[in-house]
1. Being part of a helix (DSSP H, G or I), within 16 Å of SER191 (Cβ to Cβ) and out of contact with any Ser or Thr (no Cβ under 9 Å at 6 or more places or on another chain) is the filter here, so list the residues in segment 130-157 that pass it.
2. Any chance segment 284-297 includes a residue that's under 25 Å from TYR177 (Cα atoms), loosely packed, with under 13 Cβ neighbours inside 10 Å and free of Cβ contacts under 8 Å to residues at least 24 places away in the same chain?
3. Tell me which residues, restricted to segment 300-320, are closer than 19 Å to GLU237 by Cβ, assigned to a helix (DSSP H, G or I), open to solvent by less than 60 Å² (accessible area, probe 1.4 Å) and not hydrophobic (A, V, I, L, M, F, W, C).
4. Having 1 or more residues that are under 28 Å from the mean Cα position of the chain (by Cα) and β-branched (Val, Ile, Thr) is the bar; report the helices (runs of 4 or more DSSP H) wholly within segment 1-76 that clear it.
5. Give LYS102, LYS98 a once-over and let me know the one that is in contact with a Pro (Cβ under 9 Å, 6 or more places away or on another chain), at pLDDT below 85, in a helix (DSSP H, G or I) and over 25 Å from ASP30 (Cα atoms).
6. With (1) more than 24 Å from MET7 (Cβ to Cβ); (2) open to solvent by 40 Å² or more (accessible area, probe 1.4 Å) as the list, and PRO127 as the residue in question, which single condition is left unmet?
7. Check off (1) open to solvent by 60 Å² or more (accessible area, probe 1.4 Å); (2) modelled with pLDDT of 90 or more for THR329 and give me the number that stays unchecked.
8. What pairs can you find where one residue is in segment 49-63 and touching a residue at least 40 places away in the same chain (Cβ under 8 Å) and open to solvent by less than 20 Å² (accessible area, probe 1.4 Å), the other is assigned to a helix (DSSP H, G or I) and of a type in the set (Gly, Ala, Ser), and their Cβ atoms are less than 9 Å apart, with a gap of 6+ or different chains?
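The values are calculated or read from the model by the stated rules, or taken from the named source; none is laboratory data. These numbers were taken from a predicted model, which means no experiment stands behind them. Every residue, glycine among them, receives a Cβ derived from its backbone with ideal geometry; neighbour counts consider all protein chains shown. For accessibility, only protein heavy atoms count, side chains too; no ligands or nucleic acids. Shrake-Rupley method; radii C 1.70, N 1.55, O 1.52, S 1.80 Å.
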Amino acid sequence: MKFGEFMTRLGREEVRHVFLLTGEEHYYIDRAWKEILRRLFPEQNDPKDAVQVLPGDIDPDDLVGLLETMPFFAEKNVLLVRNAALFRARHGDSAEKKTAGKDKKTERLIEALHDMPPFSYVVFVSPDKPDKRRRIYKAVEAGGMVLEAEAVKAWNIQEWLQDKLRAMHRTMDRDAYLYFHGAVSMMQQISLEFLDQEFDKLALFTAERQITRRDLARVFAGLPEVSVFALMDAVSERDGRKALMLLRRQLEDGTYFTVILALLTRHVRQLWQAAVLQAKGIRGKALAKPLELNPFIAEKLGRAASGFKEETLKQSMLELADADYQMKTGQAGSEMLEHVVIRLCARV
């Protein structure tokens, strides 16, 4: 189940004895783990001493033995198995032969998970996508809870945003909403920890219930990727004077040319992709899935791409590739970026 449903059920139901937290998004896994501990030890601020951390390749029989061992210094016996290998997919006959000797041990573990002692709890954590066909996965799913913490990208960050706004008791106006998704789409890698902290600061220093674009601009002002956001908008609008002014300002403010170059290349590539997709009849919010963007941002990008000739975008990509080599080897300076911006914004 997804994070929102997982946390809701965890808060409402009796705590299960078996959990599997799987996926690439560590932010969700960490929050789920902390909430499990809070439910198990509501009166303890730091129950780490009650947790045994185990390696992912632990022998299944050893794990069964630990599950059946009465705790001596706490009321509950909590086992955390990191990087659990038990749920990974097996590939080919050779893999089956190598694991054949372990199958009986795994079966004994499955039996133990079906009949957990009242004092024992086990939490499996795995960054890998689990093989849902395996009996041990089905055992955890049947008697416990499974979190699927898929990596958060610009196109699927909406669930996190809504959960965060709900927790803050805030709303966001349309301009702020569009600015947020546009800013996030510029990030090379989305850090939910960073966003979480910045929104918490915003809640502390902003008394109004509704968050505005201006509020968000202050939050993201320190990020080089997002501070270039206005430059990309100017390029999309083919406003050459504004784009050159913003480019020079970014360079004067100390933004590394490599950051600007990478983001400009990414933006031109997306414009080119959108142009090709629209030529095939894929338009509007339907661009979101192939471009892996929020539907509103994809639709906006599609409108911008309609104003460019495909040949212009292709030549700009070639010039950016050349600029990448020449600027990094010291053979040219920022004038190459200016030349690309001028080409993109020229209305000919």
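1. Restricting attention to segment 130-157, the residues satisfying the condition of being part of a helix (DSSP H, G or I) are 135-143, 154-156.
Still in the running and within 16 Å of SER191 (Cβ to Cβ): 154, 156.
Within segment 130-157, just ASN156 meets the criteria.
2. Looking for residues that are under 25 Å from TYR177 (Cα atoms), loosely packed, with under 13 Cβ neighbours inside 10 Å and free of Cβ contacts under 8 Å to residues at least 24 places away in the same chain, one finds at least one in segment 284-297, hence yes.
3. Of everything in segment 300-320, those that are closer than 19 Å to GLU237 by Cβ, assigned to a helix (DSSP H, G or I), open to solvent by less than 60 Å² (accessible area, probe 1.4 Å) and not hydrophobic (A, V, I, L, M, F, W, C) turn out to be GLY302, THR312, SER316.
4. On the way: elements: 3-12, 26-40, 60-67.
Correct list: 3-12, 26-40.
5. Working: LYS98 fails: in contact with a Pro (Cβ under 9 Å, 6 or more places away or on another chain).
Answer to the selection: LYS102.
6. The number of the failed condition is (1).
7. (2)
8. PRO60/ALA112; LEU63/ALA112
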